[in-house]
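Remarks on the structure that follows.
The values are calculated or read from the model by the stated rules, or taken from the named source; none is laboratory data. Note that the coordinates shown come from a computational prediction; the quantities given were computed from them, not determined experimentally. Positions of Cβ are backbone-derived with ideal geometry, glycine not excepted, and every protein chain shown enters the neighbour counts.
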Amino acid sequence: MEEIRAIWQHGIKIGIIGGIVLILVALIGMIEVFTQRQVIADTLSMGHALYLAAGLLICYMAAKRTAQAKPLLVISNSIFAGLTTAIFLVLLIILGRNLNLRLMFINASDLLLNNLLTFGVEGNSGLRLLLIAGMTTGLITGFFYLLPQIVRTVILWSLAGLAFAGVLQELIRPILSNNFPEIISEWLLTSDGLTVKGAISIFIFIALATLSWSVKGERIRQGWRNLPKKQKSTWGTVGTIILLAIILIAPWRLGLFMSEVLTIVGLYVLLGLGLNIVVGYAGLLDLGYVAFFAIGAYVTALITSPEIMNLNWNLWSAIPFALFFGILAGVFLGVPVLKMRGDYLAIATMGFGEIIRLLVLSDALRPFLGGSQGIGQIAKPKILGFVFKGPQEIYYLIIAGCMLVIFVSWRLKDSRIGRDWKAMREDEDVAQAMGINLVSNKLLAFGTGAGFAALSGVIFGSKIGSIYPHSFNIMVSINIVCLIIFGGIGSIPGVIVGAAALIGLPELLREFAEYRFLVYGIALVIMMLIRPEGLWPEDIRKRELHGGEPNGATG
């Protein structure tokens, strides 16, 4: 009786949830649109990879819920979860055959219902295949969950690496063609997706690397910790030189498209580092951060463009003014919201961001700010006659800005000011009782973050050459907050990782842009459930969330 109850509570219920989720994913068109790109040429599309990954995750969750039970019950739960999910999809297909679902769901096409969901098999045979596939997925996942931890880790990392290689083929292709013999590119890639032998090679390579690290990783870490300080410093210097060399040659080896993607990611790294001061260090949730970005861009445009004020100054002359007005705006925002916390602070700052955007759009200020038509002919930066005009040149300007901001953030983090900010973040009342001046520290946090955002605005304006109010809507602020949460609040490397994941990947997958915010939401929900501290958290936050776990495990 207990086993039947466990199957109902964990296997069937999770299968029902999974079935509903997969139906929604199918009806919003994700499976059909993603099928347009192949992960493995003529074998596995992105749509089917998404479809299978969702099914495997559902069955894995069912198995995990009964991890302490008998192996047979674990497998049974996983099978029932897969079968229940498949039954829901079968019901959707049957319903689609008898009703015109496209009256309500425009993406419920015949291709989706009679081909993609049944793996290309039409009719009742396709329905039977779908049910068998659901049970088989559950069976495989159940056995997989019972494997030793090291085997599961190796397989998961290998599958994840294979999936990333297939999804990011547009990134991998120019790297291979520009830097390696043509035979390697032909071995791994076709014109649309990985080759079968290439996919197998990638899987085996990642599996061997993961297995080696699992066996020898702790020994390597221990050896590094035991190295004399002088040797650590030497190896650190060598590593830094190699990293800088890679960064410097990257745009010329990756081509124009990838250089453009890197510049966009770099701009968001700059913005993320600034907001990380406000949110990550000081704990002040600012949803109007885009306002300072806009101020930096508009000050640059007014000073360097001939269209409004006709000053025609160079870009370097505009930077001090942009930073000054950005910091001034940050302090100006900070004064009225000094006593606000949490959601109230977020709403107030969001309103400030919208006020700036609406002022720029207003007819009253059109003679001074260009209105909806924006401002063009913004000057490009020049050094000794060299003009930073294309993405491959602007890239170096952004790298310089990022390195400057990273250095300042790193120095601030463990300084007295940084410790005051962290105390405020943990508990403002206790921080004030300890003698920390909340007013000056909050204003300093707002001003510092705003200055970094204004610097980003300067580079953005010079990169684009013209600016418009719609470039500074609230979604920019939300994107920056998302990448900080995703990477790890308060972590400098986390900002870089978050920007690469949430900004870089969508830029590489522009044909799926309509699902961008849906993927954002899913990614954030998964992160909050599985790794709430972020991909690369700071040590303090990791200890806060996992301090009670053995060895500070992060899951």
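Mind checking whether some residue in the range 395-415 is among the small types (Gly, Ala, Ser), buried (at least 19 other Cβ atoms within 10 Å of the Cβ) and in the same structural domain as Pro493 (by TED's automatic domain parsing)? The answer is yes; a qualifying residue exists. Residues in the range 530-555 that are in a loop (DSSP other than H, G, I, E, B), at pLDDT 70 or above and charged (D, E, K, R): Arg531, Glu533, Glu538.
Would you point out which residue out of Ala81, Ala49, Ala63, Ala86 is assigned by TED's automatic domain parsing to the domain that holds Lys13 and over 20 Å from His10 (Cβ atoms)?
Values: Ala81 fails: over 20 Å from His10 (Cβ atoms); Ala63 fails: over 20 Å from His10 (Cβ atoms); Ala86 fails: over 20 Å from His10 (Cβ atoms).
Unique residue meeting the criteria: Ala49.
Table: residues versus (1) in a helix (DSSP H, G or I); (2) surrounded by fewer than 19 Cβ atoms within 10 Å (Cβ to Cβ); (3) within 22 Å of the chain's Cα centre (by Cα).
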site: Leu24; (1), (2), (3): yes, yes, no
site: Asp42; (1), (2), (3): no, yes, no
site: Ala49; (1), (2), (3): yes, no, yes
site: Leu57; (1), (2), (3): yes, yes, yes
site: Tyr60; (1), (2), (3): yes, no, no
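Of the residues making up the range 296-327, not one is over 19 Å from Tyr468 (Cα atoms), touching a Leu at 6+ places or on another chain (Cβ under 7 Å) and free of Cβ contacts under 8 Å to residues at least 40 places away in the same chain. When Leu139, Leu159, Leu147, Leu130 are checked against the criterion of being more than 15 Å from Leu52 (Cβ to Cβ) and of a type outside the set (Lys, Arg), Leu147 stands alone in meeting it. If you filter the range 349-370 down to residues that are without any contact (Cβ under 8 Å) to a residue 60 or more places away in the chain and in a helix (DSSP H, G or I), you find that the one that is farthest from Ile478 (Cα to Cα) is Pro367. Looking only at the range 101-118, decide whether some residue is loosely packed, with under 14 Cβ neighbours inside 10 Å and in contact with a Leu (Cβ under 7 Å, 6 or more places away or on another chain). There is no residue in the range 101-118 that is loosely packed, with under 14 Cβ neighbours inside 10 Å and in contact with a Leu (Cβ under 7 Å, 6 or more places away or on another chain). For Phe119, the requirement of being part of a helix (DSSP H, G or I) and aromatic (Phe, Trp, Tyr) is not met.
Answer yes or no as to whether Met340 is in contact with a Phe, Trp or Tyr (Cβ under 9 Å, 6 or more places away or on another chain) and surrounded by fewer than 17 Cβ atoms within 10 Å (Cβ to Cβ). The answer is no for Met340. One residue alone among Thr240, Thr210, Thr263 is within 21 Å of Val497 (Cα to Cα) and touching a Pro at 6+ places or on another chain (Cβ under 7 Å), and that residue is Thr263.
When residues of the range 495-529 are filtered for being over 10 Å from the mean Cα position of the chain (by Cα) and in a helix (DSSP H, G or I), how many remain? Talk me through it step by step, then tell me what you get.
Going residue by residue through the range 495-529, those that are over 10 Å from the mean Cα position of the chain (by Cα) are 507-518, 521-522, 525-529.
Retained after the next criterion (residues that are in a helix (DSSP H, G or I)): 507-508, 510-518, 521-522, 525-529.
Within the range 495-529, residues that are over 10 Å from the mean Cα position of the chain (by Cα) and in a helix (DSSP H, G or I) number 18.
Taken over the range 26-47, residues that are hydrophobic (A, V, I, L, M, F, W, C) and farther than 18 Å from Val196 by Cα amount to 7. For the range 62-77, name all the residues that are surrounded by fewer than 16 Cβ atoms within 10 Å (Cβ to Cβ) and more than 33 Å from the chain's Cα centre (by Cα). Within the range 62-77, Gln68, Lys70, Pro71, Leu72 qualify.
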